[in-house]
Structure formats: structure tokens, C-alpha cells
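Structure first, commentary second.
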Amino acid sequence: QVQLVESGGGLVQAGGSLRLSCAASGSIFSINAMGWYRQAPGKQRELVATITSGGSTNYANSVKGRFTISRSSARNTVYLQMNSLKPEDTAVYYCNVAGSDYVRRTLTNYWGQGTQVTVSS
């Protein structure tokens, strides 16, 4: 099994910054990509940013230029630096890892428990 532990959410004023972290642990065999998704009340979960094992990144248009995703392969950790936050960024942010564990060896999407980010105007 693979476990994801997120941290770094909270309450911030518009224009402020937050940094989210997500550490993957357990019987990790491989990680293809890591990323962040978010879900606002009454809305579907949406992609925020992803980063592959090779370092390629992808961002939602709404966060380009404000958010930066990075990872530490040695620590199986992914980060999301969020700057110039807006009230519309308010959501529960979920960490995602696309990878496999030693038991099943099949590509699986693993999810964290979510961390709340609230941006006040």
C-alpha cells in the first residue's frame, strides 16, 4: 500500500502565499507522476498541476504564473508553491500519485486525504 500525507493548507488573505507538501510512503515500487487537484464546494475535482518523474510540468490555466509544482524524488515528496492567491482558489486540495506498489505492480492512482485552503478577500 501507498500512503500520502499532505500538509500546508490554511487560511490566507488574497494576495498571500501558501506552500503545500505531500509525502508518499509505504511499499512504493515506482512513481510516474505526482500532482495536485482541488475541489471547491459544489464543483467537480479539477487538476491544478502535475509533474512527471522526468520533471515535465503541467498547470491549469487558472494557476499558471502563480503556482509552482516541484518534487523531491529522493523523498517521494511533491510541493505546490501558491502565490498571489485569490478567493477563487479556495478549495480542498488533494495530492495525487500515479504509480505502483510492490504487491500489485500495476499503475494506480493514489490520493491523499485533502487539505483545506481558504483565501479571504
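Which residue is nearest to the chain's Cα centre (by Cα), if the candidates are limited to the stretch 95-107 and must be open to solvent by less than 30 Å² (accessible area, probe 1.4 Å) and farther than 12 Å from Y37 by Cα? Can you show your working first?
Here is the first cut: in the stretch 95-107, the ones open to solvent by less than 30 Å² (accessible area, probe 1.4 Å) are 95-101.
Still in the running and farther than 12 Å from Y37 by Cα: 98-101.
Working: A98: 12, G99: 15, S100: 18, D101: 19 Å.
The qualifying residue nearest to the chain's Cα centre (by Cα) is A98.
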### Message
For the stretch 6-51, which positions are surrounded by fewer than 16 Cβ atoms within 10 Å (Cβ to Cβ) and of a type in the set (S, T, Y)?
### Response
S7, S17, S25, S27, S30
### Task
Only residues in the stretch 45-61 that are more than 21 Å from V117 (Cα to Cα) count as the first member; pair them with residues that are modelled with pLDDT of 95 or more and of a type outside the set (G, A, S), Cβ under 6 angstrom, at least 6 apart or cross-chain, and list the lot.
T57/I51; T57/I69
### Query
Is it the case that S70 is on the phi < 0 side of the Ramachandran plot, more than 14 Å from the chain's Cα centre (by Cα) and outside any loop (DSSP other than H, G, I, E, B)?
no
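Rundown of residues vs (1) among the β-branched types (V, I, T); (2) touching a Phe, Trp or Tyr at 6+ places or on another chain (Cβ under 7 Å); (3) modelled with pLDDT of 95 or more, yes/no style:
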residue: I31; (1), (2), (3): yes, no, no
residue: M34; (1), (2), (3): no, no, yes
residue: K43; (1), (2), (3): no, no, yes
residue: S53; (1), (2), (3): no, no, no
residue: S56; (1), (2), (3): no, no, yes
residue: V78; (1), (2), (3): yes, no, yes
residue: S84; (1), (2), (3): no, no, yes
### Query
So which residues in the stretch 74-94 are open to solvent by 10 Å² or more (accessible area, probe 1.4 Å) and part of a helix (DSSP H, G or I)?
P87, E88
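The values are calculated or read from the model by the stated rules, or taken from the named source; none is laboratory data. Just so it is clear, the model here is predicted, and its values are computed rather than measured. Every residue, glycine as well, gets a Cβ built from its backbone with ideal geometry; the counts of neighbours run over all protein chains shown. These area figures cover heavy atoms from the full protein model, side chains too; ligands, DNA and RNA do not enter into them. Shrake-Rupley method; radii C 1.70, N 1.55, O 1.52, S 1.80 Å.
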